[in-house]
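Input: a single structure, listed below in structure tokens.
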Amino acid sequence: MIERDDVCRLVEHVWGLVVGLGAEAAPDAPGETGPAMHVPVRGAWEGYVVVSCDRELARLAAARLFGVASKTVTDDQTNDALGELTNIIGGNLKGLLPGSSSLGLPGVVTAGLPAAAGPCLAHAAFRCEGLPFAVALFGCPAPLAAGT
Amino acid sequence: MRALVVDDSRAMRLLLEQLLRQAGFEVTDAGDGGEALAQLGRMGRPDVVLVDWNMPGMDGLAFVRAVRAEAAYAGLPLVLVTAEDDAARVADARAAGADAHIAKPPTPQALLQALQQLALVAG
């Protein structure tokens, strides 16, 4: 349904435009090492796009987006930046999915994914500045409720 | 020239503000549609509003409809900025009254093209 190469190409493009640093697919990179955000997709395809990121890389990305030094980045700024990256990556990945669907609002992945999330359908790992991040799609066996 | 930027992400507001300032605009911002309506009341009519689609509270589409319902803002150029750039969403945006749309991530070229389309900067 969705090709890993397409995911990689799209994520590398979006990450580079938003963060201003190159990202390269790295199958050997660890998948989930730090903060993670999800964005729900509803419609013809139902599920979640999840972006997980090495903590230092998340702070570096936030620093670049906010124009501040990494050591001064707050948790709010990190969540804001990672949330917006997740929103943009999710919106662009949605174009690779079948049918018409829409995005919900990004949320922080705290104690695991939302209960509605089903199996992982696609996963791609990357490195930026030598630090890992990953993008994954989780399908949902049942339609997501509004406001999920 | 003055612009109002509406987005729940501070990082995206900063990015859009930077692009607009490079194009010669003074920029004010708001974090959602409701705050933006209040901001419009305080600042008076700007030359353009760039508004995110997906926001908590009043989202971009509801904001566009609310502005279009106010005679005082007739003809105010409204640009929806969205991570969802598919044909159905663009059609919804136009039907609600948006004049243009920009896909996220926004680029200087895409912003310039939208501003040119609205005759706010020279082509």
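The values are calculated or read from the model by the stated rules, or taken from the named source; none is laboratory data. Treat the numbers as computed from the prediction; the structure is a model and nothing was measured. Cβ atoms come from the backbone with ideal geometry, glycine included; neighbour counts cover every protein chain shown. Quick note on the areas: whole protein, heavy atoms, side chains included, nothing else; ligands and nucleic acids left out. Shrake-Rupley method; radii C 1.70, N 1.55, O 1.52, S 1.80 Å.
A few remarks follow.
- Cut-off under 5 Å, modelled amide H: who pairs with B:ALA100 long-range: B:LEU78, B:LEU80
- Mean ellipticity per residue at 222 nm, deg cm²/dmol - from DSSP H runs of n ≥ 4 across chain A, formula -39500 (n - 2.57): -11000 deg cm²/dmol
- Distance between the pseudo-spin-label points of B:ALA119 and A:GLU24 (7 Å out from Cα toward the beta carbon): 5.0 nm.
- Max mean-square fluctuation residue, GNM over chain B, Cα-Cα springs under 10 Å, options B:LEU50, B:LEU19, B:LEU78: B:LEU19
- Charges were assigned to the Cβ only: +1 to each Lys and Arg, -1 to each Asp and Glu. The resulting dipole of region B:57-123 about its Cα centre is roughly 100 debye.
- Semi-axis lengths (Å, descending) of the ellipsoid that matches the C-alpha gyration tensor of chain B: 18, 17, 15
- With both labels modelled 7 Å from their Cα along Cα-to-Cβ, the A:HIS123 to B:ARG68 distance reads 4.4 nm.
- Taking θ as phi - 60° and the Karplus parameters 6.51, -1.76 and 1.60, the scalar couplings of region B:40-52 work out to 4, x, 7, 8, x, 6, x, 7, 7, 10, 9, 10, 5 Hz in sequence order, x denoting glycine and proline.
- When chain B is described by a simple charge dipole with +1 on each Lys and Arg Cβ and -1 on each Asp and Glu Cβ, the residue from B:VAL121, B:LEU19, B:PRO56 located farthest towards its positive end is B:VAL121.
- Compared with the alpha-carbon gap, the fully stretched path from A:ALA44 to A:THR74 is longer by 7.1 nm at 0.36 nm per residue.
- Mean partner shielding of peptide B:60-69, defined as the number of other chain Cβ atoms within 10 Å of each residue Cβ, is 0.
- Choice from A:LEU60, A:LEU137, A:LEU121 showing the highest fluctuation, given a GNM over chain A with Cα pairs closer than 10 Å: A:LEU121
- Helix A:75-94 and the longest principal axis of the Cα set of chain A meet at an angle near 40°.
- Phi-derived couplings, Karplus 6.51 cos²θ - 1.76 cosθ + 1.60 at θ = phi - 60°, listed residue by residue for region B:82-91: 9, 7, 10, 9, 8, 4, 5, 5, 4, 5 Hz, with x used for Gly and Pro.
- Applying 0.36 nm per residue to the separation of B:ALA87 and B:ARG2 and subtracting their alpha-carbon distance, the gain on full extension is 27.7 nm.
- Shielding by partners, peptide B:17-28 (average Cβ within 10 angstrom, other chains): 0
- The label-point distance for A:HIS13 and A:MET1, in a model that sets each label 7 Å from Cα toward Cβ, rounds to 2.2 nm.
- For the protein assembly as shown, the convex hull drawn through the C-alpha positions has a volume of 127 cubic angstrom per residue.
- Each of A:VAL50, A:ALA29, A:ALA122 was placed along the dipole of chain A (beta-carbon charges, centred on the mean Cα), and the one lying farthest toward the positive end is A:VAL50.
- Mean per-residue shielding of peptide A:84-97 is 5, counting Cβ atoms of other chains within 10 Å of each Cβ.
- Karplus-based coupling profile of region B:55-66, in residue order and whole Hz: 9, x, x, 7, 7, x, 5, 5, 4, 4, 5, 5, with θ = phi - 60° in 6.51 cos²θ - 1.76 cosθ + 1.60 and x standing for Gly or Pro.
- Between B and A, buried accessible area from a 1.4 angstrom probe totals roughly 1500 Å², ignoring ligands, DNA and RNA.
- Dipole magnitude (debye, nearest 20) for the protein assembly as shown, charges at Cβ of Lys, Arg, Asp, Glu: 400 debye
- Nonlocal amide H pairs with B:ARG45, under 5 Å, H built at 1.01 Å: none
- Amide H partners (placed H, <5 Å) of B:MET55, local residues excluded: B:GLY60
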